[in-house]
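**Student:** Encoded as structure tokens, here's the structure I'll be asking about.
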């Protein structure tokens, strides 16, 4: 929590809206970020939601307006806005309430998924980005913690934290360095389809590949070369080509990126990993043994 921020609301606390006259009971804290704290709440009429408490009314109004804009997209992955209100409680003076989205962060479930399910989740994330793009906005702050996967609902993908959503063409305000294409030298830090496409490619690549501890001290060109080598070491050729296209800005929109993902085989390893030569070495050794045996028998019969 930032210095001077309001203390966290305890479980069971009731927050009364000044304008709507509704009351919300806090169930638990879901997380804290640069722009505020999010709580799981239940309204006095039983409606379950997620309350975001911010330090100022301007931030609440700004994020509320973004939620209203992106909800116009068919099948918008962001939470549906429910209520915006004020409270006399100094711990929650300014807040809004939105749909409570279920699921776990992408980085918490990725390693548990089969290869086929990893591909499905990857595809659904990109299609969800496409629905946001149809509103003229980019997600921008693409990172595993902002993408929830609900394993109890057929691996449903949803986005949270609308704070980074930015109209196309404007400078990106909120980002995470390792998921930021500009940090790696692949794109400008400006909201666009290609920015989001590169960001999700970076996110997936780094789910199973740890970055060097001193990465922040590297110049941009060195970071870019390291990432290119990582892509070059992806085990399957079609995935390498897809990642390179995404990072180079070759996809004009998220839809074309999704189509390429869909065409990849279900058995493809999504992770960036060194090629596994075990099987090839095994078959080569077997062939060599067979050849040696045949040659030995040939010599034997020739001598006899």
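The values are calculated or read from the model by the stated rules, or taken from the named source; none is laboratory data. What you see is a predicted model, and the numbers here were worked out from it, not measured in a lab. Cβ coordinates were reconstructed from backbone atoms using ideal geometry, including for glycine residues, and neighbour counts include every protein chain displayed.
**Student:** Restricting to segment 32-61, count the residues that are under 24 Å from the mean Cα position of the chain (by Cα) and either touching a residue at least 40 places away in the same chain (Cβ under 8 Å) or crowded, with 16+ Cβ neighbours inside 10 Å (or both).
**Tutor:** Result for segment 32-61: 16.
**Student:** Then there's this: Quick test of your reading of the structure: residue 239 fulfils all but one of (1) in contact (Cβ under 8 Å) with a residue 12 or more places away in the chain; (2) out of contact with any helix residue (DSSP H, G or I) (no Cβ under 8 Å at 6 or more places or on another chain); (3) loosely packed, with under 14 Cβ neighbours inside 10 Å; (4) closer than 24 Å to residue 264 by Cα. Name the failing condition by number.
**Tutor:** Status for residue 239: all satisfied but (3).
**Student:** Still on this structure, I have one more. Identify the residue in segment 62-84 that is without any contact (Cβ under 8 Å) to a residue 40 or more places away in the chain and assigned to a loop (DSSP other than H, G, I, E, B) and, among all such residues, is farthest from residue 128 (Cα to Cα).
**Tutor:** Here the answer is 80.
**Student:** So, one more: Just the residues that are surrounded by fewer than 21 Cβ atoms within 10 Å (Cβ to Cβ) and either within 21 Å of residue 176 (Cα to Cα) or modelled with pLDDT of 95 or more (or both), please, taken from segment 66-75.
**Tutor:** 66
**Student:** Within segment 136-185, which residues are within 17 Å of the chain's Cα centre (by Cα), surrounded by fewer than 21 Cβ atoms within 10 Å (Cβ to Cβ) and part of a loop (DSSP other than H, G, I, E, B)?
**Tutor:** Listed by number, the residues that qualify are 155, 174, 175, 176.
**Student:** Check 250, 246, 210 and return the single one that is within 18 Å of residue 181 (Cα to Cα), at pLDDT 95 or above and assigned to a loop (DSSP other than H, G, I, E, B).
**Tutor:** Just one listed residue meets the conditions, 250.
**Student:** Looking at the structure I just gave you, is residue 195 in contact with a strand residue (DSSP E or B) (Cβ under 9 Å, 6 or more places away or on another chain) and assigned by TED's automatic domain parsing to the domain that holds residue 183?
**Tutor:** Judged against the criteria, residue 195 is a match.
**Student:** Being farther than 19 Å from residue 48 by Cβ and part of a strand (DSSP E or B) is the filter; apply it to segment 6-35 and report the residue that is modelled with the highest pLDDT.
**Tutor:** Among them, the one singled out is 32.
**Student:** For residue 188, indicate whether it is in a loop (DSSP other than H, G, I, E, B), farther than 28 Å from residue 108 by Cβ, modelled with pLDDT of 95 or more and in the same structural domain as residue 143 (by TED's automatic domain parsing).
**Tutor:** Values: in a loop (DSSP other than H, G, I, E, B): yes; farther than 28 Å from residue 108 by Cβ: yes; modelled with pLDDT of 95 or more: yes; in the same structural domain as residue 143 (by TED's automatic domain parsing): yes.
Taking the combined requirement at face value, the residue satisfies it.
**Student:** Next up: Based on what the data block shows, is residue 228 farther than 23 Å from residue 108 by Cβ and either in contact with a helix residue (DSSP H, G or I) (Cβ under 7 Å, 6 or more places away or on another chain) or surrounded by 18 or more Cβ atoms within 10 Å (Cβ to Cβ) (or both)? Give the derivation first.
**Tutor:** Details: farther than 23 Å from residue 108 by Cβ: yes; either in contact with a helix residue (DSSP H, G or I) (Cβ under 7 Å, 6 or more places away or on another chain) or surrounded by 18 or more Cβ atoms within 10 Å (Cβ to Cβ) (or both): no.
It is false that residue 228 is farther than 23 Å from residue 108 by Cβ and either in contact with a helix residue (DSSP H, G or I) (Cβ under 7 Å, 6 or more places away or on another chain) or surrounded by 18 or more Cβ atoms within 10 Å (Cβ to Cβ) (or both).
**Student:** Look through 114, 104 and report the one residue that is over 28 Å from residue 17 (Cβ atoms), in contact with a strand residue (DSSP E or B) (Cβ under 9 Å, 6 or more places away or on another chain) and surrounded by fewer than 17 Cβ atoms within 10 Å (Cβ to Cβ). Spell out how you get there, then give the answer.
**Tutor:** On the way: 114 fails: in contact with a strand residue (DSSP E or B) (Cβ under 9 Å, 6 or more places away or on another chain).
Just a single option satisfies the conditions, and that option is 104.
**Student:** Failed condition for residue 131, given (1) surrounded by fewer than 21 Cβ atoms within 10 Å (Cβ to Cβ); (2) in contact with a helix residue (DSSP H, G or I) (Cβ under 8 Å, 6 or more places away or on another chain); (3) part of a helix (DSSP H, G or I), with all others met?
**Tutor:** (2)
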